[in-house]
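Q: Input: one structure, supplied below.
FYI, it's all coordinate maths here, none of it is from the lab. Predicted model only: the values in this text are computed from it and were never measured. All Cβ positions, glycine included, derive from the backbone under ideal geometry; neighbour counts span all protein chains shown.
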Amino acid sequence: MLTRTQSRLLLPLGAAMALSLTGDSTLYAVLPNQIETVGITLSVVGVLLGANRLIRIPGNLLAGALNDRLGRRRLFLLGLALGVVSTLSYGLVRGFVPLLAARLLWGTAWSLINVGGYTMILDRSTPADRGRMTGFYQMAFMFGLAVSPLLGGTLTDLLGFRPAVRICAAVSAGGLALAWLFLPETRPATPSLPSRPRGGLPRQWLRQWYSAFQGADPRLWQADAIYLIILFVNSGVLMSTVSLYLKQRWGTGIPAGGTAIGVASLAGAMLTLRALLGVVAGPLAGSLSDRLHTRWPVVRGAILLGAAGFLVLALLPGFGAVPLGVALVALSSGALSATLAAIAGDLATRDRPGVTVGSLATAGDIGSASGPLVAYWLVARLDLRWVYLLCAVALALSLMATRTSPHPPRGVN
């Protein structure tokens, strides 16, 4: 259970963040099957699904620097507002360029939401409870991912794509209202502010990236590398291809009794399963890493679960392999996201928590942005099951990055 102080932060923070995900998650669930409706071709689906992450690669560190200097609450609220606008745009525009602009706007919004949310948690946590708090925040994130694709996929099958995303925009606006009313500011009253960056935007980004690792514990590099790989295979490859995977293997629907279940609804259900299991995995893994006083064994176990999940998807026949494989990958991703965020928090310096969080988020976005691009490039050349097999290999290789540094730990390591 959460303490009263933790609840006052995590409940409005988690609820607002979860509700902001409705439009983005719906797009992942249905866009490959709605290309005629929105006026695009299948070849650019990967670009649109990854574009929001590309803008976050430079944006996360800048968002972290802004959080360190300006505080957390108002930047988080700005991100929520931009998210409502981007989701509404999906139902109003047509064609590649307008949709690309909407996706870039969402990427900017998520940098402010995600970096700000984790920085608030670092403000209010210690090494003894950080895994637990990041786990509960991850639970809210995965709950949002659980509800959103199922809601969006079902609404798309019932009402059509454009009405569905307008409803999603209204849901996101409800999250903005909750945060506006109840979310506190968490920045320390007398923070030690970093110097103001000078020069143009590219130079500022490079300076923030350099400062994030200047004199940093080497385990931050290890955490970032693992986070990159897990988001590449999970949020990048699996999330953007599950609808296509179902369509390739079973056509437009899977027979169930005297009817057939639509691919959009099935894809939404698989993404919901992925997210629901992440709801469980995040708090459990975070709390376990607190109790063990070392987080790396939890990281290793989660990596092995993810590799097993992709092997199931690649090698086992029958529809039953799909929920099993998705479940194993979901448990892995939920556990790793919470535990790696706690590791970054343990090693963050007091005056630059935002930049440290931004660095972890940037590594993850490099992975998740490149995932759809690489996946759809490979799908044109290989069966999708071979792509999943390569994901299992990538996860197995990431175990090399779990070797801990000989440097003494700061609190929990």
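Q: Of the peptides 371-377, 56-62, how do they stack up when ordered by the mean number of other Cβ atoms within 10 Å, highest first? Show your work: numbers first, answer last.
A: On the way: 371-377: 21.3, 56-62: 25.4.
Sorting 371-377, 56-62 by mean packing, highest first, produces 56-62, 371-377.
Q: For W250 and W377, compute 0.36 nm times the residue count separating them, minus their Cα-Cα distance, and round to one decimal in nm.
A: Details: separation 127, 0.36 × 127 = 45.72 nm, distance 2.17 nm.
Result: 43.5 nm gained on full extension.
Q: Using Cβ counts within 10 Å as a stand-in for footprinting exposure, how do F182, F76, F136, F143 rank, fewest first? List each step's numbers first, then the result.
A: Numbers: F182 14, F76 27, F136 24, F143 21.
Result, fewest neighbours first: F182, F143, F136, F76.
Q: Next question. If you fit an axis through the alpha-carbon atoms of helix 384-397 and take the longest principal axis of the Cα set of the chain, what angle between them do you get, 0 to 90°, nearest 10?
A: 20 degrees
Q: Can I ask one more? May I ask for the angle, rounded to the nearest 10°, between helix 73-90 and the longest principal axis of the chain, with both axes built from Cα atoms and the value confined to 0 to 90°?
A: 10 degrees
Q: With angles folded into 0 to 90 degrees, how steeply does helix 130-159 sit against the dominant principal axis of the chain? Use alpha carbons for both and round to 10.
A: 20 degrees
Q: Here is a further query. Where is the GNM fluctuation largest for the chain (alpha-carbon springs, 10 angstrom cutoff): R249, R124, R73?
A: R249
Q: Please arrange T241, T126 by how many other C-beta atoms lie within 10 Å of their C-beta, fewest to most. Mind dumping the intermediate values first?
A: Values: T241 26, T126 13.
Lowest count first: T126, T241.
Q: Something else about it: Give the Cα extents of the chain along the principal axes, in whole Å, largest first.
A: 64, 42, 41
Q: Same structure, new question: What are the ³J(HN,Hα) couplings of segment 165-178, residue after residue, when phi is run through the Karplus curve with 6.51, -1.76, 1.60 and θ = phi - 60°? Round to Hz, x for glycine and proline.
A: 6, 5, 5, 4, 5, 5, 4, 4, 5, x, x, 4, 5, 4
Q: Given Cα positions, please report Rg to Rh for segment 26-121, the hydrodynamic radius being the Kirkwood one.
A: Working: Rg = 14.4 Å, Rh = 13.9 Å.
Using Cα coordinates only, the ratio equals 1.04.
Q: In terms of the Cα gyration tensor, with a ≥ b ≥ c the square roots of its eigenvalues, is segment 8-75 rounded because a/c is under 1.5, prolate because a/b exceeds b/c, or oblate?
A: Values: a/c = 4.36, a/b = 1.78, b/c = 2.45.
Since a/c reaches 1.5 but b/c is at least a/b, the shape of segment 8-75 is classed as oblate.
Q: Here's a follow-up. Among rounded, prolate and oblate, which fits segment 51-96 when a ≥ b ≥ c are the square roots of the eigenvalues of its C-alpha gyration tensor, a/c under 1.5 means rounded, and a/b larger than b/c means prolate?
A: Numbers: a/c = 5.42, a/b = 1.72, b/c = 3.16.
Oblate, because a/c is 1.5 or more while a/b does not exceed b/c.
Q: Between A321 and T37, what is the label-to-label distance in nm when each label sits 7 Å out along the Cα-to-Cβ direction?
A: 3.0 nm
Q: Among L336, L277, rank each residue by its count of other Cβ atoms within 10 Å, from fewest to most, as a rough exposure measure.
A: Details: L336 31, L277 23.
In order of increasing Cβ crowding within 10 Å: L277, L336.
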